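Engineer: Let me begin by handing over the structure; questions about it come next.
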Amino acid sequence: MKKANPFPYTHDNKRYHTYTYAMRMKYQSKVYKVGLDAGFSCPNRDGTCAHGGCIFCSSSGSGDQILNHPDLNLQINAAIEQLSEKWPSAKQIAYFQSYTNTYASLRDLQNLYTPFFMDSRFVALDIATRPDCLEPEKLAYFKAMMVHKDLMLEIGLQSIHSKTALWMNRGHDLEVFDDAVSRCKQAGIPICIHIINGFPDETRQEMLETVDYVAALEPDMVKLHMLHILEESRLGHIYQNNPFPLLTQKEYVELIVDQLELLPPTTIIARLTGDGPKNDTIAPKWTLNKKAVLNEIDQLMAKRDTFQGRRFIRKQTIIK
């Protein structure tokens with residue numbers, strides 16, 4: 001008798017719960033994100049908690065692919081014009097990507113986001129932010145607005161280890177992250193947690209510990225990244241003067257498969273690898289071939305006959 005497949009997301013021909021599959025099931029259509037720069041800054045750039053920003057962050061605040069123009073409508077039109085050629089019948093999500101998109105007064109956030117919650121061009125909003133910029137009144141506003149449109153809050157964790165937080169100049173500790181996640185869950189606001197692999201002072205075991213910690217939270221979505229060395233970043237200047245070892249593609253792929261086994265099978269995997277701007281990426285160069293990395297992940301999962309959640313064990317939730 002053929003053994004039943006314990007993994008439920010085979011319709012996307014993957015052994016993990018892909019973002020593409022999840023969005024197609026939710027909206028009955030292909031969905032793409034319209035990346036936006038709304039002109040925010042970060043509290044670890046302007047001196048509120050630190051200066052200079054996270055060590056790996058580029059001058060564009062992770063919005064390297066966005067049209068460099070302050071007018072949001074021009075950004076939207078340019079992105080939709082480009083992406084609609086590839087996916088003419090797809091639906092759009094407004095993705096506030098650059099810097100910390102809740103780092104402003106409640107009134108300023110209401111003035112910015114309320115029109116987007118009413119905008120028929122978008123099926124949802126996706127807002128990237130930091131856990132130290134999610135005050136209770138802001139979460140109350142977002143909770144109220146979710147009657148109009150779906151929302152996802154993307155929260156950068158990167159690592160649970162305090163030595164790494166100091167090294168990257170994150171500007172907050174794990175307690176701040178825990179508190180923000182707890183309050184998002186209480187408000188019923190979906191969250192996506194960002195994790196970065198390959199920090200120079202972290203062992204493979206420590207990277208697995210970060211994912212194991214996140215798995216216990218059972219987040220709606222996660223993004224897994226490789227540490228990029230971008231020329232226009234503080235880390236880029238450090239690396240060029242004093243290079244340090246980085247994960248190889250093989251090491252990264254093996255690590256990702258181990259991490260996928262630890263994550264809950266219901267958590268959506270929004271990203272397994274990233275590709276920085278070609279002309280700005282110093283290292284590792286293998287990240288520029290995103291398709292090859294994803295293919296190797298698929299191949300290794302098939303070779304191991306494994307799947308997302310294979311080693312996931314529901315624990316007493318860390319955050320209550």
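Engineer: How much of the accessible area of the chain, in percent, comes from carbon and sulfur atoms when a 1.4 Å probe is used?
Structural biologist: Numbers: 7670 of 15160 Å².
Taking all protein chains in place, the chain shows 51 percent carbon and sulfur surface.
Engineer: If you don't mind, there's one more thing I want to ask. Using a 1.4 angstrom probe, figure out how much accessible area region 206-268 has per residue, in square angstrom, rounded to the nearest whole.
Structural biologist: Working: 2230 Å² over 63 residues.
In whole numbers, region 206-268 has 35 Å² accessible per residue.
Engineer: Gap in Å between the Cα centre of region 162-216 and the Cα centre of region 227-295?
Structural biologist: Their Cα centres are 17 Å away from one another.
Engineer: Kirkwood Rh, Cα Rg: Rg to Rh for region 197-320? Present the calculation step by step, with values, prior to reporting the outcome.
Structural biologist: Details: Rg = 15.4 Å, Rh = 15.5 Å.
Radius of gyration over Kirkwood radius for region 197-320 works out to 0.99.
Engineer: Å³ per residue of the Cα convex hull, for region 240-296?
Structural biologist: Values: hull volume 5.6 nm³, N = 57.
For region 240-296, the hull spanned by Cα atoms encloses 99 Å³ per residue.
Engineer: Could you please put 129, 20 in sequence from largest to smallest accessible area, using a 1.4 Å probe?
Structural biologist: Numbers: 129 15, 20 60 Å².
Output order, biggest surface exposure first: 20, 129.
Engineer: In region 28-149, what is the count of Lys pairs whose alpha carbons are under 22 Å apart, counting only pairs at least 8 residues apart or on separate chains?
Structural biologist: Counting lysine pairs in region 28-149 gives 9.
Engineer: Moving to a separate point now. 222 nm [θ] for the chain, helices only, -39500 (n - 2.57) per DSSP H run of 4+, per residue, to 500? Before the final figure, lay out each step's value.
Structural biologist: Working: 10 runs with 118 residues, N = 320.
The per-residue figure over the chain is -11500 deg cm²/dmol.
Engineer: Tell me which of 269, 192, 116 sits at the most positive position along the dipole axis of the chain, charges placed on C-beta atoms (Lys, Arg +1; Asp, Glu -1).
Structural biologist: The one lying farthest along the dipole's positive direction is 269.
Engineer: So, one more: Looking at 152, 229, 180, which one has the Cα that reaches farthest to the positive end of the dipole of region 118-232 (charges on Cβ: Lys, Arg +1; Asp, Glu -1)?
Structural biologist: Ranked along the dipole, the leading option is 152.
Engineer: Note down the Stokes-Einstein diffusion coefficient of the chain in µm²/s, whole number, using a Kirkwood radius over alpha carbon pairs, 25 °C, and 0.890 mPa s. Mind dumping the intermediate values first?
Structural biologist: Working: Rh = 20.4 Å.
Once the numbers are plugged in, D ends up at 120 µm²/s.
Engineer: Let's see if you can work this out: charge +1 on each Lys and Arg Cβ, -1 on each Asp and Glu Cβ, no other charges. What is the dipole magnitude of the chain about its Cα centre, in debye to the nearest 20? The partial results should precede the final answer.
Structural biologist: Numbers: 37 positive and 37 negative charges, 247 e Å.
Charge dipole of the chain: 1180 debye, to the nearest 20.
Engineer: Let me ask another. Given Cα pairs under 8 Å that are at least 6 residues apart, what percent is the relative contact order of region 58-215?
Structural biologist: This gives 19 percent for region 58-215.
Engineer: By residue number, which cysteines of the chain lack any other Cys whose Cβ falls under 4.7 Å from their Cβ?
Structural biologist: 42, 49, 133, 184, 192
The values are calculated or read from the model by the stated rules, or taken from the named source; none is laboratory data. These numbers were taken from a predicted model, which means no experiment stands behind them. Cβ atoms come from the backbone with ideal geometry, glycine included; neighbour counts cover every protein chain shown. For the accessible areas, the whole protein counts, side chains as well, though only heavy atoms, and no ligand, DNA or RNA atoms are used. Shrake-Rupley method; radii C 1.70, N 1.55, O 1.52, S 1.80 Å.
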